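S.K.: What follows is a single structure, and I will ask about it in a moment.
The values are calculated or read from the model by the stated rules, or taken from the named source; none is laboratory data. This structure is a prediction, so every number in the text was calculated from the model and none was measured. All Cβ positions, glycine included, derive from the backbone under ideal geometry; neighbour counts span all protein chains shown. The area values use the complete protein model at the heavy-atom level, side chains included, leaving out ligands, DNA and RNA. Shrake-Rupley method; radii C 1.70, N 1.55, O 1.52, S 1.80 Å.
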Amino acid sequence: MHTHRVRKGEELNLWDIIVAIILGLVEGLTEFAPVSSTGHMIIVDDLWLKSKEIFGHDVAVTFKVCIQLGSVLAVVVVMKDRFIDLLGLGKKKDGEGSRLKLTQVIVGLLPAGILGLLFEDKIEEFFTVNLVIYSLIGGAILMIAADWFRPARPKVETVDQITYKHAIGIGLFQCVAVLWPGFSRSGSTISGGVLMGLSHRAASDFTFIMAVPIMLGASTVSLLKNWEHFTMDALPFFIVGFASAFIFALLSIRYFLKLINKIKLVPFAIYRIVLALILFLVVS
């Protein structure tokens, strides 16, 4: 393993670029699956890549947050018509029923947004492999419970049938992931939605829509907080990670939305438990 601390004026070497690509790949493939992208990046980075040895701890943590912007862009591309509609820029077709409203998305974001601002300084301190093990298991239990105790038939088949009550309920479930890094934001919100009677696809669609503003907010806060640590040497590292996350998120989003209604949440929960057991054996 040939990592090093980049000094001012020193160019990235091949290994640094590979690190950025791999972390972007991990982020892009796992951001929207209920397995915790943050948890996977912590696992891959802390146990193998060690990006903090390239630019230092503060920049490495911010990099993990900011490459999520690549995944955000992928969501916007895949769901562009939906976002155009939410912003009131689309034309409603004759005979078209009610549509998801921007205010419903805002209501869903409020609980986690408030908690994120209140505890932002503390959350990054919890980014450790040992906590990820417990997060993986905790999230798996919630996902199994969601599939076992969900209504026999979904009351809400599409995201356009979501009410303000659903939005605030899903927003409260999202708080678990905000306060417990590695728990999985999509895992908590999809599970919460399913328990409230949403179909897996409707819950996933709403989760993806909420992801855009909340990930934009988290990235912006982290960038502002650690701006003093940046040099131009870090810019190529961020650009490569961003591009990698965007490409792989673009591929995974379309696949996941087709998959989730077929296999539900339990297979993802089993994967999380197996991964947690393997991690426990590795770090113990």
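S.K.: Taking the conditions exactly as written (modelled with pLDDT of 95 or more and within 24 Å of Thr128 (Cα to Cα)), does Ser184 satisfy them or not?
M.R.: For Ser184, the condition - modelled with pLDDT of 95 or more and within 24 Å of Thr128 (Cα to Cα) - is not met.
S.K.: In the stretch 18-73, which residue that is charged (D, E, K, R) and open to solvent by less than 10 Å² (accessible area, probe 1.4 Å) is nearest to Ala218 (Cα to Cα)?
M.R.: Step by step, filter the stretch 18-73, then rank; the result is Glu27.
S.K.: Which of the numbered conditions does Lys92 fail, given that it passes all the others? Conditions: (1) part of a helix (DSSP H, G or I); (2) modelled with pLDDT under 85.
M.R.: Lys92 satisfies every listed condition except (1).
S.K.: Return the only residue of Ala167, Ala203, Ala218 being in a helix (DSSP H, G or I), touching a residue at least 60 places away in the same chain (Cβ under 8 Å), among the aliphatic types (A, V, I, L, M) and open to solvent by less than 10 Å² (accessible area, probe 1.4 Å).
M.R.: So the residue among Ala167, Ala203, Ala218 that is in a helix (DSSP H, G or I), touching a residue at least 60 places away in the same chain (Cβ under 8 Å), among the aliphatic types (A, V, I, L, M) and open to solvent by less than 10 Å² (accessible area, probe 1.4 Å) is Ala167.
S.K.: May I ask you to list the residues in the stretch 116-154 that are among the basic types (Lys, Arg) and at pLDDT below 95?
M.R.: Lys122, Arg153 - these are the residues of the stretch 116-154 that are among the basic types (Lys, Arg) and at pLDDT below 95.
S.K.: Let me ask something else about it. Name the residue that is modelled with the lowest pLDDT, counting only residues in the stretch 225-252 that are open to solvent by 30 Å² or more (accessible area, probe 1.4 Å) and among the aliphatic types (A, V, I, L, M).
M.R.: Applying the filter and picking the extreme gives Met232.
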